[in-house]
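A short worksheet on the structure shown next.
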């Protein structure tokens, strides 16, 4: 950034963008924290410490870090299982994992998460966020603690429906409606902050009976807590390790997705491994101050770009403005109704569902739709980590199936103009070859020759007629060959040797030849040639034909 020049004009742009993002992040950070089972102060600490470190160290110029709605499910479950100290420890460990992932340059592999999986678990998280806010939206009073799983939560909330509070419903509905209206009528206004401030004023002036941050949490402190290491005992680490792994996985996915969105809006290119290291350091720093997991946030990052940010200084200033609010205006947060923050999260959940992408995936075919639906249902009914793993596995199987169908083999006659496709029809190779040289048959493989296509290609290659004296396998159209494909060719070489057929491998590139040689395919069992024509010349020379 400094190499491009940085002066007062750029600082002014970053300051305006940072203030804009801080205004958006202020109510959102507290709302996400409360929905996650943490305190609003922890949400602000996460946005301040994590947000500053993500912007200062990250691989994206425009990334804004902070608490994310996608983490609500994982954070609330971790806090319920291990308590707040367990949540902080899981955040600390996830920071170590993310930093290690970036330092080992594994960030590229995170990008291999299939698109239907991302859309599916994001939509599932949106449903869970909405369900988690029903209690505050309706002002319900439960006899016991609110169940976590959706299928247990909904009956409990239904039974408590007679205790619904008209004041809470009015505040939540008014907050959500104000945000939506301002987005349409005044898109440049800070709709969330205006809506929450209006709801807070209405609740205070009208004396509405509604729970507030002050009544539930006693307000928020006027500054950051002192840093402290979490409990790093081996037993405690082993207990929270699965949750830390889930934090790291989702954090890596969310942060890189957010960076990609920023790239698309600005034309820049982020550095994925550097971004993961920054996310790791940010989670370590947040945990030291008692916060919870931080990641790149798509909505706030997009707001940062639209506000005209020049570089990462805007993200650092956004954290400074939030800290200034804690130092100066913390008492005002006590008047914020929890129903108003629930209204904010309803809008967030609605915006998380990418409806156009879901419709496009459903139209694209049964495979993508199945991966999308499976990931969505597992996220809602089971577990987010399980949903990502199963969705990734299904997406991989779907990809292998499509790749295997795209890989083909055809038998053709050398020196004849038209290739004759070998469509599982016995004798096609003999018929093709008879027009030129009945002793030679040429097979041309097109597409990736990997384990998914090995069986179908191997069944065709096995049709070696006793009339053939030479077999040429053309690899010139094979972009990738794995060990399974090479093993098929190795089996073919043994069969050819028993039948007295000479095997030529033509057109294999350096990498494919390396895999073939590693499988033991060496002279004199096989012969390598640059092209099919070279292989034919080698065979004719060995047979004693005169040069043509």
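Some observations on this one:
- Computed [θ] at 222 nm, helices only, for the chain once each DSSP H run of length n ≥ 4 contributes -39500 (n - 2.57): -20500 deg cm²/dmol
- Centroid-to-centroid, using Cα positions, the stretch 513-533 and the stretch 1-70 are 57 Å apart.
- Between the helical axis of 313-329 and the longest alpha-carbon principal axis of the chain there is an angle of about 20 degrees.
- Sorting the Cα pairs of the stretch 475-548 by distance into bins of 10 Å, from 0 upward, gives 20, 50, 25, 5 percent per bin.
- Listing 153, 495 from fewest to most neighbouring C-beta atoms within 10 Å gives 495, 153.
- For the stretch 162-241 and the stretch 289-351, distance of Cα centres in Å: 11 Å
- A Förster radius of 41 Å combined with the Cβ-Cβ distance from residue 351 to residue 143 puts the calculated FRET efficiency at roughly 0.75.
- Sites residue 12 and residue 127 - FRET efficiency at Förster radius 51 Å, r taken between beta-carbons, to 0.05: 0.75
- Using alpha-carbon coordinates, inclination of helix 166-185 to the longest axis of the chain, degrees: 60 degrees
- Over the chain, relative contact order from alpha-carbon pairs under 8 Å, at least 6 apart, %: 22 percent
- Take every Cα pair under 8 Å whose residues are at least 6 apart in sequence, average their separation, divide by the length of the stretch 106-263, and the relative contact order is 19 percent.
- As a calculated quantity, the FRET efficiency between residue 534 and residue 369 at R0 = 45 Å, using C-beta atoms, amounts to about 0.40.
- Modelled this way, with points 7 Å down the Cα-to-C-beta line, the labels at residue 241 and residue 482 are 2.9 nm from one another.
- As a rough guide to protection, the peptides 185-192, 211-218, 26-33, 346-353 ranked by mean Cβ packing within 10 Å, highest first, stand as 26-33, 346-353, 211-218, 185-192.
- For the chain, average projected area of the Cα convex hull in nm²: 33.1 nm²
- Available extension along the chain between residue 109 and residue 271 is 57.0 nm, counting 0.36 nm per residue and deducting the alpha carbon span.
- Diffusion of the stretch 188-314 by Stokes-Einstein, at 20 °C in a medium of 1.002 mPa s and with Rh set to the Kirkwood radius over alpha-carbon pairs, works out to 118 µm²/s.
- Contour excess over end-to-end distance, with Cα ends at residue 514 and residue 386 and 0.36 nm allotted per residue: 42.3 nm
- Against the chain, whose longest principal axis is taken from its Cα atoms, helix 8-35 shows a tilt of about 80°.
- Residues 487, 401 in ascending order of nearby Cβ atoms (within 10 Å, fewest first): 401, 487.
- Ranked 109, 289, 504, criterion: other C-beta atoms within 10 Å, fewest first: 109, 289, 504
- Each Cα pair under 8 Å and six or more residues apart adds its separation to the average, and for the stretch 470-548 the resulting relative contact order is 37 percent.
Values in this text are rule-based calculations from the coordinates and carry no lab data. Owing to the predicted nature of the structure, the values given are computational and were not obtained by experimental measurement. No Cβ is skipped: glycine too gets one built from the backbone with ideal geometry, and neighbour counts run over all protein chains shown.
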